[in-house]
Each structure stands twice: as structure tokens, then as C-alpha cells.
Amino acid sequence: MNFDVSTTLKKGKLPSLPFLRIKEKVLGKGYELSLVFVGKKRMRTLNRIYRQKDYATDILSFPNTKDSGEIFICLEKVAIKAKDFERSTIDHVAFLFIHGLLHLKGRNHGTIMEREEQSYLQWLKKSQSA
């Protein structure tokens, strides 16, 4: 299997999004990806270890090889940040997942990445309404 979704959370349900389709659209079918939903404590630990930042963030993405990587999402932080962007939590999860995938694809923050994010978000909305 080239895509795995898991959680370390003890309660709550995971967002209902077509994660596999999004992953395949952005990175292709051959890319191996692990998507993990974590709590604030685990996210803070990951952020401290790998980015030397001592706070929980909403998303972290880690390339393992050219064709594999991992994304960690903290739903507690996503819910807070979604309000800042005037998005629903589920829409912000979709945005962040795409954002993380683009980082795994080698994109850096900037106008090119922002255009790609918007393009994939539009594709997602169209594909969900079809």
C-alpha cells in the first residue's frame, strides 16, 4: 500500500476527505505517504525535535526519500487556525494537506506555491460536487 492514514488521538473522528485522491493528484500514484493525526503534545515534541521550535503547529511534512514522505496534522491547532482564515475546520484540513503535499513535492512558500494550492483546492471542490 502506498498510502496510510492513522491517528494517535484517543477520541474524535477523522475528517472525511478524499485524502488518497488528493495525494495522487498532487504527488502521483507511486508516491508512498503516511498521514498521521496527532495531538498537541505529540506535535509540539515533533516540532521541537525536527524544527527546534517549542510549540505545537498545525502541520508538519517530512520527505523520507524522493518518492516517500510523512505528514502530521494536529486537528486541535487546525480548528484554531481555521478561524484565522475564515475557513471551516474541514476546509482548512484540505488546504493544509495540499500545502504539506506541495512541500513534499519540493515547493517552498511563495506565489507559485499559493497558485498551486488554489488550483488544487478548486479541483477538489469541483470533484466533490460532481
- All lysines inside 16 Å of Lys66 as judged from Cα atoms, apart from same-chain residues fewer than 8 positions distant: Lys23, Lys29, Lys105
- Note on the structure: Cross-link reach from Lys25 to aspartates and glutamates, straight Cα distance under 20 Å and at least 8 residues apart if same chain, gives Asp4, Asp67, Glu70, Asp91, Glu114, Glu116, Glu117
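Just flag the GluC sites (Glu not before Pro) in the stretch 36-130 sitting in loop per DSSP whose Cβ has no more than 10 other Cβ atoms within 10 Å.
On the way: sites: Glu70, Glu76, Glu86, Glu114, Glu116, Glu117; in loops: Glu86.
Passing both the DSSP loop test and the Cβ count: Glu86.
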- Query: Cross-link partners among lysines for Lys40, C-alpha distance below 21 Å, same-chain residues fewer than 8 apart left out?
  - Reply: Lys10, Lys11, Lys13, Lys53, Lys77, Lys81, Lys83
- Towards the positive end of the charge dipole of the stretch 3-129, with charges on Cβ (+1 Lys, Arg; -1 Asp, Glu), say which of Gly39, Leu20, Gly100 has the farthest Cα. Gly39
- Helix-derived [θ] at 222 nm for the chain: sum -39500 (n - 2.57) over DSSP H runs of at least 4, divide by residue count, nearest 500? -16000 deg cm²/dmol
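Bear in mind that the values in this text are calculations on the coordinates, not laboratory data. All values derive from a computational prediction rather than experimental measurement. Cβ atoms come from the backbone with ideal geometry, glycine included; neighbour counts cover every protein chain shown.
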